[in-house]
Amino acid sequence: MLRIVFMGTPDFAVESLDAIVQSTHQVVGVVTVPDRQTGRGLKVTYSAVKEYALSHQLPLLQPEKLRDDQFLADLRALEADLFVVVAFRMLPQVVWSMPRLGTFNLHASLLPNYRGAAPINWAIINGEHETGVTTFLLNERIDEGKILLQESTPITPDDTCETLHDRLAKMGRSLVVQTIDGLASGTLHGKPQPAEGPLCPAPKIFKADCAIPWQQSGQRIVDFVRGLSPYPASTMQMIDNKGTTQSLKVYHVSFLPDKSPESEKIPIGSVISDQKRELKIKVIDGFVLILSLQMNGKRKNNIDEFLRGYNVSCWKLVI
């Protein structure tokens, strides 16, 4: 039985933490982010990992700075054999090198591809047909440590960031325990990541990155929307019949290929609607049908609900 310190923040990490708690190993400490004040009322919110730790009476550390002397002393006092990291912050060497068996991370891609903060989003955006989860030993370079274990899964045409996130989280919980067991028995050893060929990165996605690229092909746009749904959500801007620019989040679209002579005459970005059940945007190889969206400050709507509330016949797309 190993003494484990777990480090993580969001729901994705909770699956792995719960798997370790249910295993034969002992979680002697949990490290997560400090509490934050959010919203107009500045309500104090906890991370999902903290909520789990509190509900299971696990020792909890929430350092502001990972090099803080008191935090490092508290961490050493836990006498952990191994640190496990899932969706947390970049650790300084003084932290990841502390336990006798080192520190490993669970990453939501098949490394070395999609190193970075948003691997699930980018795998779908880029039209990948396969992804997975990887455990690897931390070193001084982000997501470049020796690989321990990997497991793959197909990306289906219906997958969104949400569905793939949930599937990878469940895959990760078993892979994390397998990794701990292998390190505990001494039968698992890291292998250097392959370096040949161009690699796809997975940088953090900002608000400015979410604008739908209307000049691209219909399938690329579908993948872009899927890869950002439901969060942070792809966006588009339209000018309404009063000349006001409306900002909308788009959650679900489909693609209707059409390269007929009639279609080719329609300018890219043209807005076409029957004002009942259909709102489509002309793209280079057909039409993208908007199926689910949300006006800024309003609730999310299916397209038929949206069209009952807004007459888009004179609206123009900003591209």
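The values are calculated or read from the model by the stated rules, or taken from the named source; none is laboratory data. Worth saying up front: this structure is predicted, and the values here are computed from it rather than measured. When we count neighbours, we look across all protein chains shown, and the Cβ atoms used for this are built from the backbone with ideal geometry, even at glycine. Remember, those area values only see protein heavy atoms, side chains included, never the ligands or the DNA or RNA. Shrake-Rupley method; radii C 1.70, N 1.55, O 1.52, S 1.80 Å.
Scan the strands (runs of 3 or more DSSP E) fully inside the range 63-162 and keep the ones with 3 or more residues being out of contact with any Gly (no Cβ under 9 Å at 6 or more places or on another chain).
Because the criterion is at least 3 residues that are out of contact with any Gly (no Cβ under 9 Å at 6 or more places or on another chain), the strands (runs of 3 or more DSSP E) in the range 63-162 that meet it are 130-137.
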Q | In the range 296-316, the residues that are touching a strand residue (DSSP E or B) at 6+ places or on another chain (Cβ under 8 Å), touching a residue at least 12 places away in the same chain (Cβ under 8 Å), over 20 Å from Arg226 (Cβ atoms) and open to solvent by 10 Å² or more (accessible area, probe 1.4 Å) | A | Asn296, Tyr310, Ser313, Trp315, Lys316
Q: Filter the range 24-46 for residues that are touching a residue at least 12 places away in the same chain (Cβ under 8 Å), surrounded by fewer than 13 Cβ atoms within 10 Å (Cβ to Cβ) and either over 30 Å from Ile4 (Cβ atoms) or in contact with a Phe, Trp or Tyr (Cβ under 9 Å, 6 or more places away or on another chain) (or both) and give the result.
A: Asp35
Q) If you scan the range 205-238, which residues turn out to be open to solvent by 10 Å² or more (accessible area, probe 1.4 Å), out of contact with any helix residue (DSSP H, G or I) (no Cβ under 7 Å at 6 or more places or on another chain) and in a strand (DSSP E or B)? A) Ala211, Gln237
(Q) Let me confirm something: among Leu72, Leu66, Leu61, which residue is surrounded by 12 or more Cβ atoms within 10 Å (Cβ to Cβ), at negative phi, in contact with a strand residue (DSSP E or B) (Cβ under 7 Å, 6 or more places away or on another chain) and not charged (D, E, K, R)? (A) Leu61
**Q.** Candidates Gly132, Gly190, Gly197, filtered to the one that is open to solvent by less than 60 Å² (accessible area, probe 1.4 Å) and modelled with pLDDT under 95
**A.** Gly197
